[in-house]
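Peer 1: First the structure, then my questions, so here it is.
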Amino acid sequence: MDSNKIKEGVKLILEGIGEDVNREGLVETPDRIARMCEEIFAGLGSDASEHYNKKFTAINNNMVIEKDIHFYSVCEHHLLPFYGCAHIAYIPDGSVAGLSKLARTVETFARRPQIQENMTAQIADAIVSNLNPKGVMVMIEAEHMCMTMRGVQKPGTKTVTTVTRGAFDGDYALQSAFIQSVRG
């Protein structure tokens, strides 16, 4: 990341809204924002495949569900946060990943400016590419600050996106079992 460009951009925004960039409370803000960007956009330099270098043989090939994976991301349209939980189910085909790998996959894609719909598909596709499971389903529930603090201003509104791959495609009983587990 180019922290100097970020700092200059922040100064321009502050000046653009009529603020004094030399005011005590704002003097260090451009530097703080540049450091924050390195953290919240760290997924831009990451590849989810790195989380799947080690896999384990699985005799039980029933559904594996990891739910309530909390995340924070940034909407690419307004550069405002959206946050919530991701829920993931997959049906192994002989191998599984360590449980933390699913959460790390969510983090990889959450730490990029983007839209929730794409993030949901990216997580599912990364699991398919790296684990070759029989099927994957990803559900994300998130609140978007671009809807709560500006625009329509409806706090508490959640956006839910789902993506299915493989065995989950068109199998509404399997999808229902996943959703019941997430809601239960």
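Peer 1: Scan the stretch 140-150 and give yes if some residue there is under 11 Å from the mean Cα position of the chain (by Cα), farther than 21 Å from Phe41 by Cβ, part of a strand (DSSP E or B) and not β-branched (Val, Ile, Thr), otherwise no.
Peer 2: Yes, the conditions are met somewhere in the stretch 140-150.
Peer 1: Follow-up question, since we're still on this one. Go through the stretch 81-107 and count every residue that is under 20 Å from Ile179 (Cα atoms) and more than 17 Å from the chain's Cα centre (by Cα).
Peer 2: Total satisfying the criteria: 3.
Peer 1: So, of the residues in the stretch 137-156 that are at pLDDT 95 or above and not aliphatic (A, V, I, L, M), which turns out to be nearest to Thr105 (Cα to Cα)?
Peer 2: Taking the candidates together, the pick is Glu141.
Peer 1: Conditions: (1) open to solvent by 30 Å² or more (accessible area, probe 1.4 Å); (2) of a type in the set (Val, Ile, Thr); (3) touching a Ser or Thr at 6+ places or on another chain (Cβ under 9 Å). Val136 meets all but one. Number of the miss?
Peer 2: (1)
Peer 1: So how many residues does the stretch 152-184 have that are assigned to a helix (DSSP H, G or I) and either surrounded by 13 or more Cβ atoms within 10 Å (Cβ to Cβ) or under 18 Å from the mean Cα position of the chain (by Cα) (or both)?
Peer 2: The number of residues fulfilling the criteria is 7.
The values are calculated or read from the model by the stated rules, or taken from the named source; none is laboratory data. Since the model is a prediction, treat every value here as computed from it, not as a measurement. Every residue, glycine as well, gets a Cβ built from its backbone with ideal geometry; the counts of neighbours run over all protein chains shown. Each accessible area value is taken on the protein alone, full model and side chains, heavy atoms only, with ligands, DNA and RNA left out. Shrake-Rupley method; radii C 1.70, N 1.55, O 1.52, S 1.80 Å.
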